[in-house]
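S.K.: My questions will all concern the structure given below.
None of the figures in this text is laboratory data; all of them are computed from the coordinates on show. Please read these numbers as outputs of a predicted model, since none were measured by experiment. Here the Cβ positions follow ideal geometry from the backbone for every residue, glycine too, while neighbour counts run over all protein chains shown.
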Amino acid sequence: AVPKSNGFPQLLKVDIDLQANITFSGFCIEVFKAAMAGLEHQVPYEFVPFEYNKTHIGEAYSDLVYQVYLQKYDGAVGDITITSSRSLYVDFTLPFTDMGIGMVSRLTPKKNQNLWIFLKPLTPGLWLTIVGVYVLSALFIWLIERPASVEQQTRQSNGEIGRMFGFSFSIFVFAHWEKLSSNLSRSVVVLWVFVVFILGSNYTATLTSMMTVQQIEFNSGKSTVGRGAGPVAQEAIGNPNFPNSHSKSIRLTSLEEYVKALSEGSKNGGVSALIEEMPYINVLVEKYPTRFSKVGHVMPTTNGFGFVSYSSTSHTCIM
């Protein structure tokens, strides 16, 4: 038995044409064919589409597994998640996909960057602090280096102040030219050069990152989160150890719905992040690498996808 529709044709697709010819394709089908071809003895098999009327895909897949337990089918092939509850009455093969669930979010479009991006690496408060330290450093140097004669100081004060401000500003580009006579003023300059070096290094790294790497749009705790239709994603939303477990959630059932909801964002009726099993997330990110990205680490709460077969041992134990 093969589920007729799952919303992810890359993983599983069942096509029925006008002549009632049925075609089975997708990653899960190809893996099953490769596994059967690798057996020492040829085993004949036939794919049969499994149609379900349930609106909840997770319940429909559990029903499919239960039909195998009732021996209506010899096995089931598809994107069927291995869970402990399903393993009580059927056998699963080893998983053939990534395990666990993860989170994906939208990337900030580069078109949102403007000409004022060079101001964004530092906060307004930090910019004001830099200006204040710059002014104080220039005044300290001027007070220390000013002429000793009061008459000479009055005659040259304006020129000296401009010269000291220019000297302090030249430190920004490490092109200072003035000669200092006092060790105290040299100490002020050393401290100012150290501050400029630290700020310059951080500013350059942050600005480069902002201009070359797209940022993830995700505000934990204040966002609407999408979840897959399966029971695993639903359990993750209710898990207090999972990020954003207390956020409002919306159930999504297909790749198109994932893309639409993530593209709109929480402010426009969509979602800011999506919680789903890793095989589905991998399909989404690989198809839209410039629009979406994985967030955080993977939680190993599932065992991936596996093929289902009837278990006579489990049937005896349950009976």
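S.K.: Grab the other residues whose beta carbon is less than 13 angstrom from that of K294, score K and R as +1, D and E as -1, and report the net.
M.R.: Here the charged neighbours net out to -2.
S.K.: What is the sum of charges, Lys and Arg at +1 and Asp and Glu at -1, for the other residues whose Cβ falls under 10 Å from the Cβ of G102?
M.R.: -2
S.K.: What length, rounded to one decimal in nm, is gained on full extension from K294 through to S309, with 0.36 nm per residue of separation minus their alpha-carbon distance?
M.R.: Difference between extended and current length: 2.1 nm.
S.K.: Residues with beta-carbon under 12 Å from that of S25, excluding S25: net charge, scoring Lys, Arg +1 and Asp, Glu -1?
M.R.: Cβ neighbours under 12 Å give a net charge of 0.
S.K.: Can you list the trypsin sites (Lys or Arg not before Pro) in the stretch 65-111 that are in a DSSP coil and have 15 or fewer other beta carbons within 10 angstrom?
M.R.: In loop regions of the stretch 65-111 (DSSP not H, G, I, E or B), the sparsely surrounded trypsin sites (Lys or Arg not before Pro) are K72.
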